[in-house]
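First up is the structure itself, then whatever we jot down about it.
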Amino acid sequence: VTERTSGHVRVRVDAAPAIARGYDVIVGSGALEELAEHITAAASAAAYAVVTPHTLEDTLGARVQRVLRDAGLHVELLAFDDRELTKTRETWAALTDRMLELRLGRDSAIVAVGGGVTGDIAGFVAATYMRGIPVVQVPTTLLAMIDASVGGKTGVDTPAGKNLVGAFHSPAVVISDPAVLGTLPEVHIRSGLAEAVKHGAIADAGHFRWIGEHAADLLSLDTGALEHLVGHSVRLKADVVSADPLESGRRAILNFGHTVAHALERFTGYTTPHGLAVAIGMHVEAVLGETLGITDVGTADEIAALLRRLKLPVHARLDADALLDAMSVDKKARDSRPRFALLRRTGECAADGAGAWTHAVDSQTVLRVLQQAAGASELV
Ligand SMILES: NC(=O)c1ccc[n+]([C@@H]2O[C@H](COP(=O)([O-])OP(=O)(O)OC[C@H]3O[C@@H](n4cnc5c(N)ncnc54)[C@H](O)[C@@H]3O)[C@@H](O)[C@H]2O)c1
Ligand SMILES: [Zn+2]
């Protein structure tokens, strides 16, 4: 369900009824000023812990703190180091310890103000603190607005791989204000655009085309274009996660591009912005789908063309063997054959013969496609 209230788009996401209630995603420039109303309506609490990276502590973190304090709410600001390398159990422990020191009780709530790293780790703290307190997601990167803040997946990385320890913990409400993207480094704008391309590629050819037609507006941070992009991408993701909140089936299509992306991130020591790895991953996995006769021929070229318009990489200088090794610890890998979410064509995913939404592919075929996809590095 989508409606416009006070000039903002509101998208409803249904969660797994046994686990959480559904929640709203509110998208609009200026939404941050109405934060207190949205938060008290969705997550009334005795105290709010605003979790934000050091990089945003004096800007967006302080602003959120002020907006909430002006509304008479009890607020504590917890700043932390949000590098992907420190999205770990140690950081989770440090944050929970600080909350315990502050004597925040079961009647408190967390407000995550930051990118996907912040949302994932603050969400995981909320999922576990006192056996679970509400979390409000206030995404401040394009990627987090489009993808990470919606769907309830929270967690941390381990030496064995990304996001391997975590929990499903739906937010009480998500508030996305594209006006905050003005300070985001350009590479992270492109990173977010990659996840929007993914939503179009797996579920909506019209959205995929729209992104191509508005590439220049998006790259120059046109407010109207960004609002439409975030709103529509959230709607597409909401449709998928509402139908399958715990990823027992079709939700796995959101992993398109991600088997390769996660391996690439691991291989580069988590220094590649997630969306850039996803861009390369989508192209490689589209080629893989074509090789297997699952994806319509020409799809990989369509994806490559759109990624290039968005100044996103299509190739990476990659070591095919090492990348294949890195895939064997992917959560989607059962019986040691890596699994991939594959397209039927742009805008549509393909189930395998047994009705599963990921396809097990033998290592030799994967290796061949990876070798073929290796090119001059475009990672910038
Ligand atoms: N839970 C999910 O469903 C899900 C989905 C996709 C991605 N993720 C996770 O999200 C993470 C990636 O998120 P990301 O791309 O947002 O990266 P990020 O959280 O690392 O943020 C990127 C950088 O931008 C800075 N930043 C954030 N907002 C800013 C702003 N408004 N102005 C200036 N700087 C700002 C951050 O401090 C950081 O340095 C990965 O860990 C990935 O696994 C989770
Ligand atoms: Zn992703």
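Here are a few things to note about the model shown:
- A full extension of the chain between GLU37 and ASP352 corresponds to an added length of 108.8 nm, given 0.36 nm per residue minus the alpha carbon distance.
- Taking 19 Å as the limit for the C-alpha separation, the pairs LYS87/LYS162; LYS237/LYS311; LYS198/LYS311; LYS87/LYS153; LYS153/LYS237 exceed it in the case of LYS237/LYS311.
- Cα-centred dipole magnitude for the chain, charges only on beta-carbon of K, R (+1) and D, E (-1), debye, nearest 20: 520
- Phi to ³J(HN,Hα) by Karplus 6.51 cos²θ - 1.76 cosθ + 1.60 over region 127-141, Hz, x for Gly, Pro: 5, 10, 5, 6, 6, x, 10, x, 10, 9, 9, 10, x, 10, 10
- Carbon + sulfur, % of accessible area of the chain - ligands and nucleic acids excluded, 1.4 Å: 50
- Label reach from ARG89 (point 7 Å along Cα→C-beta): in region 117-134, amide nitrogens under 19 Å belong to 120-132.
- Extension reserve of the ARG12-ALA205 stretch, reckoned as 0.36 nm per residue once the Cα distance is removed: 67.3 nm
- Cα gyration tensor shape of region 221-267, rounded if a/c is under 1.5, else prolate or oblate by comparing a/b with b/c: oblate
- Gyration tensor verdict on region 1-151 (Cα atoms; rounded if a/c is under 1.5, prolate if a/b is larger than b/c, oblate otherwise): rounded
- Between LEU77 and LEU219, the modelled label-to-label distance comes to 3.6 nm, taking each label 7 Å out from Cα in the direction of the beta carbon.
- Computed from backbone phi with θ = phi - 60° and the Karplus coefficients 6.51, -1.76 and 1.60, the 3J(HN,Hα) list for region 53-65 is x, 3, 5, 10, 3, 8, 10, 5, x, 5, 5, 5, 4 Hz; x is used for glycine and proline.
- 222 nm mean residue ellipticity, helices alone, for the chain (DSSP H n ≥ 4; -39,500 (n - 2.57); rounded to 500): -12500 deg cm²/dmol
- Amide proton proximity set for ALA16, modelled H, under 5 Å, gap of 5+: none
- Sequence-distant contacts, meaning Cα pairs under 8 Å at least 6 residues apart, place the relative contact order of the chain at 15 percent.
- Residues whose amide H lies under 5 Å from that of VAL111, counting only those 5 or more places away or on a different chain, are ALA49, VAL50, VAL51, VAL136; hydrogens are built 1.01 Å from N in the peptide plane.
- Kirkwood hydrodynamic radius over Cα pairs of region 196-332, then Stokes diffusion coefficient at 25 °C and 0.890 mPa s, in µm²/s: 156
- The string of couplings for region 256-264 from the Karplus curve (6.51, -1.76, 1.60, θ = phi - 60°) is 3, x, 8, 5, 5, 4, 4, 5, 5 Hz, one whole number per residue in order, with x for Gly and Pro.
- Distances between placed amide hydrogens fall under 5 Å for ALA356 paired with no residue 5 or more residues away or on another chain.
The values are calculated or read from the model by the stated rules, or taken from the named source; none is laboratory data. Because the structure is a prediction, the values reported are computed rather than measured. Don't worry about glycine lacking a Cβ; one is built from the backbone with ideal geometry, like all the others, and counts go over all protein chains shown. Heavy atoms of the whole protein, side chains included, go into the accessibility calculation; ligands, DNA and RNA do not. Shrake-Rupley method; radii C 1.70, N 1.55, O 1.52, S 1.80 Å.
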